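S.K.: Below you will find the structure I want to go over with you.
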Amino acid sequence: MRTRLIFALAFIGLFLVAVYWVSTWNDHQIEGRIEQIDIPQLMIGPHDFSDDELTLHTVLINEQTKVTGDANDVQQLRVGQIVTVELDRDAKLKIAISIHVQPE
């Protein structure tokens with residue numbers, strides 16, 4: 001009986017660890033529409049406006065930020081563009097490593 005209890009608790013613990021790992025899988029990416037550009041920061045909102053509340057993410061950009069897609073440089077970013085932003089995993093702030101601008 002004791003062996004079954006230990007096995008059940010170990011299984012539940014591994015399951016909870018797996019759920020936590022999957023929930024943090026894409027924490028280093030933000031997808032959305034550029035709402036505001038104030039270099040050195042971008043305000044990224046949702047793709048569509050179907051929600052009642054608008055959640056904005058503030059992302060910092062610098063000279064090492066790579067821009068791909070319909071824009072080649074940070075200076076070519078425009079409000080309303082749909083972007084995928086890859087964030088620095090080790091930084092405490094949301095610092096963009098790369099920004100991919102999707103075609104409209």
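The values are calculated or read from the model by the stated rules, or taken from the named source; none is laboratory data. Note that this is a predicted model, so its numbers are computed, not measured. All Cβ positions, glycine included, derive from the backbone under ideal geometry; neighbour counts span all protein chains shown. We work out accessible area using only protein heavy atoms, side chains counted, and drop any ligands, DNA or RNA first. Shrake-Rupley method; radii C 1.70, N 1.55, O 1.52, S 1.80 Å.
S.K.: Give a residue-ordered list of calculated ³J(HN,Hα) values for the stretch 55-68 (Karplus: 6.51 cos²θ - 1.76 cosθ + 1.60, θ = phi - 60°; whole Hz; x for Gly, Pro).
M.R.: Per residue, the Karplus-derived 3J(HN,Hα) values read 9, 9, 10, 8, 10, 8, 10, 9, 5, 8, 5, 8, 10, 10 Hz.
S.K.: Would you mind checking which residues have amide H under 5 Å from residue 67's amide H? H placed 1.01 Å from N; only 5 or more apart, or other chain.
M.R.: 99
S.K.: Averaging sequence separations of C-alpha pairs under 8 Å and six or more residues apart, then dividing by the length of the chain, give the relative contact order as a whole percent.
M.R.: 25
S.K.: Can I ask one more? Note down the magnitude of the dipole of the stretch 59-104 about its Cα centre, charges +1 on Lys and Arg C-beta and -1 on Asp and Glu C-beta and zero elsewhere, to the nearest 20 debye.
M.R.: On the way: 5 positive and 7 negative charges, 34 e Å.
Here the stretch 59-104 has a charge dipole of around 160 debye.
S.K.: Further question: Between residue 1 and residue 21, what is the FRET efficiency for a Förster distance of 25 Å, r being their Cβ-Cβ separation, to the nearest 0.05? Mind dumping the intermediate values first?
M.R.: Numbers: r = 31 Å, r/R0 = 1.23.
For residue 1 and residue 21, the calculated efficiency is 0.20.
S.K.: Using a simple charge model, +1 on the beta-carbon of Lys and Arg, -1 on the beta-carbon of Asp and Glu, nothing else, what dipole does the chain show about its Cα centre, in debye to the nearest 20? Before the final figure, lay out the partial values.
M.R.: Values: 8 positive and 15 negative charges, 162 e Å.
Using Cβ point charges on Lys, Arg, Asp and Glu, the chain gives about 780 debye.
S.K.: Given the options 85, 19, 6, identify the residue whose Cα lies farthest towards the positive end of the charge dipole of the chain (+1 on Cβ of Lys, Arg; -1 on Cβ of Asp, Glu).
M.R.: Highest projection toward the positive end goes to 6.
S.K.: Taking the solvent-accessible surface of protein heavy atoms with a 1.4 Å probe, what is the per residue accessible area of the chain in Å²?
M.R.: With all protein chains present, the chain gives 76 Å² per residue.
S.K.: Follow-up. Could you please state how large a percent of the accessible area of the chain is carbon and sulfur, counting protein chains only and using a 1.4 Å probe? Provide the component values of the computation, followed by the final result.
M.R.: Working: 4510 of 7920 Å².
Heavy-atom surface of the chain belonging to carbon and sulfur, 1.4 Å probe: 57 percent.
S.K.: Which one is right for this structure if P(r) over Cα pairs in 5 Å bins from 0, in percent is calculated from it: [x] 2, 12, 19, 19, 13, 9, 6, 5, 5, 4, 3, 2, 1, 0; [y] 2, 12, 16, 14, 11, 10, 8, 7, 5, 5, 4, 3, 2, 1, 1, 0, 0; [z] 2, 12, 23, 24, 18, 10, 6, 3, 2, 1, 0, 0?
M.R.: Evaluating P(r) over Cα pairs in 5 Å bins from 0, in percent on these atoms matches [x].
S.K.: Shifting gears a bit: Long-range amide H contacts for residue 81: which residues qualify at under 5 Å (H placed 1.01 Å from N, peptide plane, sequence gap of 5 or more or a different chain)?
M.R.: Amide H neighbours of residue 81, under 5 Å, 5+ apart: 34.
S.K.: May I ask you to evaluate 6.51 cos²θ - 1.76 cosθ + 1.60, the Karplus curve with θ = phi - 60°, for each residue of the stretch 35-41 and list the ³J(HN,Hα) values in order in whole Hz, giving x for glycine and proline?
M.R.: Running phi through 6.51 cos²θ - 1.76 cosθ + 1.60 with θ = phi - 60° gives 9, 8, 10, 9, 4, x, 9 Hz.
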